[in-house]
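These notes are about the structure you will find just below.
The values are calculated or read from the model by the stated rules, or taken from the named source; none is laboratory data. Everything numeric in this text was worked out from a predicted model, so none of it was measured. Here the Cβ positions follow ideal geometry from the backbone for every residue, glycine too, while neighbour counts run over all protein chains shown.
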Amino acid sequence: MTVVITIVEEVGSREKRTVEVRRVTTESHKHLTAHAATRILRREFPDCPKVLTASKSTLGRRVFHAMHSLTPTERCSFHYNWRHYYLTEATGGS
């Protein structure tokens, strides 16, 4: 199975930018699950926080999402910049 990982950084409350799109091939031929997505994230991004866990996203079927904070925003130490990871199975022609 090939999994596409899209990494989006959210800077402030309105600005989002895609920073990386990575394709990962696994030995499994099963559908992507939250548990498998979490294992892939931890393997591909070992510097991420260990509490990073993927869950189903509201963006669509078979889309999994994880996120963690990066740094506080410039104007307020209670608001953070975030990094989002979206994992999806690559379809036949991709």
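A quick yes/no check of all residues on (1) in contact with a Gly (Cβ under 7 Å, 6 or more places away or on another chain); (2) among the β-branched types (Val, Ile, Thr):
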residue: Ile7; (1), (2): no, yes
residue: Val19; (1), (2): no, yes
residue: Ala37; (1), (2): no, no
residue: Ala66; (1), (2): no, no
residue: Thr73; (1), (2): yes, yes
residue: Arg83; (1), (2): no, no
Subset of region 1-31, residues assigned to a strand (DSSP E or B) and either over 18 Å from Arg83 (Cβ atoms) or of a type in the set (Phe, Trp, Tyr) (or both), comes to Thr2, Arg23, Thr25
- Query: Does at least one position in region 73-90 carry a residue that is in a loop (DSSP other than H, G, I, E, B) and at pLDDT 85 or above?
  - Reply: yes
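Here is a yes/no grid of residues against (1) farther than 15 Å from Glu89 by Cα; (2) loosely packed, with under 14 Cβ neighbours inside 10 Å; (3) of a type in the set (A, V, I, L, M, F, W, C); (4) free of Cβ contacts under 8 Å to residues at least 12 places away in the same chain:
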{"site": "Val11", "(1), (2), (3), (4)": "yes, no, yes, no"}
{"site": "Glu27", "(1), (2), (3), (4)": "no, yes, no, yes"}
{"site": "Leu32", "(1), (2), (3), (4)": "no, no, yes, no"}
{"site": "Leu41", "(1), (2), (3), (4)": "no, no, yes, no"}
{"site": "Glu44", "(1), (2), (3), (4)": "yes, no, no, no"}
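So that you can scan it fast, the table gives a plain yes or no per residue for (1) modelled with pLDDT of 90 or more; (2) within 28 Å of Phe78 (Cβ to Cβ); (3) hydroxyl-bearing (Ser, Thr, Tyr):
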residue	(1), (2), (3)
Val11	no, yes, no
Arg17	yes, yes, no
Lys50	no, yes, no
Thr58	no, yes, yes
Checked pairs for region 71-93, first of a type in the set (A, V, I, L, M, F, W, C), second surrounded by 14 or more Cβ atoms within 10 Å (Cβ to Cβ) and not in a strand (DSSP E or B), C-beta under 6 Å and 6 or more apart or across chains, list as Leu87/Ala37
